[in-house]
1. Given the condition surrounded by 14 or more Cβ atoms within 10 Å (Cβ to Cβ), assigned by the TED database to the domain that holds Ile91, among the polar types (S, T, N, Q) and at pLDDT below 90, answer yes or no: does some residue in region 168-182 qualify?
2. With the requirement that a residue be outside any loop (DSSP other than H, G, I, E, B) and touching a Phe, Trp or Tyr at 6+ places or on another chain (Cβ under 9 Å), what does region 47-64 give you?
3. Any chance region 35-44 includes a residue that's touching a residue at least 24 places away in the same chain (Cβ under 8 Å) and outside any helix (DSSP H, G or I)?
4. What single numbered condition from (1) assigned to a helix (DSSP H, G or I); (2) of a type in the set (D, E, K, R); (3) touching a residue at least 24 places away in the same chain (Cβ under 8 Å) fails to hold for Asp541?
5. Which condition number in (1) at pLDDT below 95; (2) within 32 Å of the chain's Cα centre (by Cα) is the one that Gln78 fails?
6. What are the pairs, 6+ residues apart or on separate chains, where a residue within region 63-84 that is under 23 Å from Tyr102 (Cα atoms) and among the acidic types (Asp, Glu) has its Cβ under 8 Å from a residue that is part of a helix (DSSP H, G or I) and open to solvent by less than 30 Å² (accessible area, probe 1.4 Å)?
7. Which one of the conditions (1) farther than 30 Å from Ser329 by Cα; (2) within 21 Å of the chain's Cα centre (by Cα); (3) modelled with pLDDT under 90 does Val165 fail to meet, given that it meets all the rest?
8. If you take the residues of region 378-406 that are charged (D, E, K, R) and within 22 Å of Ala327 (Cα to Cα), which of them is least open to solvent (accessible area, probe 1.4 Å)?
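The values are calculated or read from the model by the stated rules, or taken from the named source; none is laboratory data. Since the model is a prediction, treat every value here as computed from it, not as a measurement. Heads up, the Cβs are rebuilt from the backbone with ideal geometry, glycines too, and the neighbour counts pull from every protein chain shown. Side chains included, ligands, DNA and RNA excluded: accessible areas come from the protein's heavy atoms. Shrake-Rupley method; radii C 1.70, N 1.55, O 1.52, S 1.80 Å.
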Amino acid sequence: RTELPVKEIMSSGGAEDDIPQAERKTVTDFCYLLDKSKQLFNGLRDLPQYGQKQWQSYFGRTFDVYTKLWKFQQQHRQVLDNRYGLKRWQIGEIASKIGQLYYHYYLRTSETSYLNEAFSFYSAIRQRSYYSQVNKEDRPELVVKKLRYYARFIVVCLLLNKMDVVKDLVKELSDEIEDYTHRFNTEDQVEWNLVLQEVAAFIEADPVMVLNDDNTIVITSNRLSETGAPLLEQGMIVGQLALADALIIGNCNNQVKFSELTIDMFRMLQALEREPMNLASQMNKPGMQESTEKPARRENPHKYLLYKPTFSQLYTFLAASFKELPANSVLLIYLSATGVFPSGRSDSEGPYDFGGVLTNSNRDIINGDAIHKRNQSYKEMHCLHPGDLYPFTRKPLFIIVDSSNSVAYKNFTNLFGQPLVCLLSPTAYPKALQDQSQRGSLFTLFLNNPLMAFLFVSGLSSMRRGLWEKCQDYLRKINRDIAQLLTHSRSIDQSFLQFFGDEFLRLLLTRFIFCSATMRMHKIFRETRNYPESYPQLPRDETVENPHLQKHILELASILDVRNVFLENTLDDY
């Protein structure tokens, strides 16, 4: 809608002189607030994407204006209908912008409660049918607004694990796209159909379904709950470090993705968040007005989600995180990316001689790249080498690499004596295990939802809720025992224990050991490259090959009636 001057808007509704002064002021105030809100909203995209402080006051101002605008249109709806010609889709637009604000606030703070706020505004748009009249107007750009609203709503529902709502939204979006392409012969039909395909693949990425008695699917959440991480026993000597920041990087060529999230990134980000709480706030308290108010419990670590970053983007965000890391805090780097292997033979064995993982290349340097390829003595440029991370080991660093060349990071050197751990995925999976890589990596699945990963490697694709819950209980017991093995170990590297005081890192470490022990006992995982590794190495006999832990894994397999998949007497095989 091209904005008309207030005078014109009002005079089109009747003789201008007949309009009471108060009503004219109402329309003027509304136009001012609407204009101001659009300016502020558009300014959000100019804010720096990294650095945690610069953006907060700007967000606060934007929220204040939207709060006023929302209340104002509620209080003066009648006048705005009569004198301004306010359409329902325009109210929908305001609600949609508020939903987007909450979602972006979640992205910048990692506080999951803001997702609930975004959800409530997006839901209201659908329940009150704000966009229902759009299809009657002959304006394709309005329909696109509606389609974008659906895509954004789907992302929020995926992040909140509201899969039943997602399925309804996908069906509605599909009908809307069909109607849109039928009415306006547009060029973006292919793009919108791709959106539908992506979300359909994303929903189906989990390899195992948990079913209720009536065969409906149980939605399982993998965020950290109160009972999630094994508790520390009294007397356990562990570090006091806290996970404060994380970079989650996704650069796999063929993996299921939606919006700018690959399935691996999606799983990992949930492993670094607590279950969301409702902020119990309506629009009159938009969560942000007191950005100094801290939730009652420890916050989620802040995180950056980087989808297919170039080397310079990755390094910029890494440097920003490093710079802002508080004292006694840990920076986590999660890399889910295609492996890059060294091109030539190298006589040395330095931090740039083993390759690493892929970073995105901008089109404009392809020519320069071709020259490099001819000379075998150069290193791969679009690659994050282990050596690239050395400067950042000046502070506590926890690295997870899920890649076909994860072992490149086994050759790390701890130069500065700070706590440093790398958890490394297998570089290949057994051929007998059907290739699931497109639906996400098995290693990351173990770190996010270990029971689902265990069921998958055991050949199970569905399970009753009662049995699932029984196994989850047993898995919690296994996690407690793994925590004891780690803290009682005589020969374990101190870095592991220094990270063990943090709930998120403790859970990741215990899941890593469970994953490693499971794969080592599995009959078809027989090559060394099928097993996860770590830097520094874990003492095998005290952790991943501990007889006590192996007994537990066989017990879990017995509960599921899949004991035949595992080796009974693994100790004799080594």
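1. The answer is yes; a qualifying residue exists.
2. Phe59, Thr62, Phe63
3. Within region 35-44, not a single residue is touching a residue at least 24 places away in the same chain (Cβ under 8 Å) and outside any helix (DSSP H, G or I).
4. Single failed check for Asp541: (3).
5. With (1) at pLDDT below 95; (2) within 32 Å of the chain's Cα centre (by Cα) applied to Gln78, the lone miss is (2).
6. none
7. Failed condition: (3).
8. Lys395
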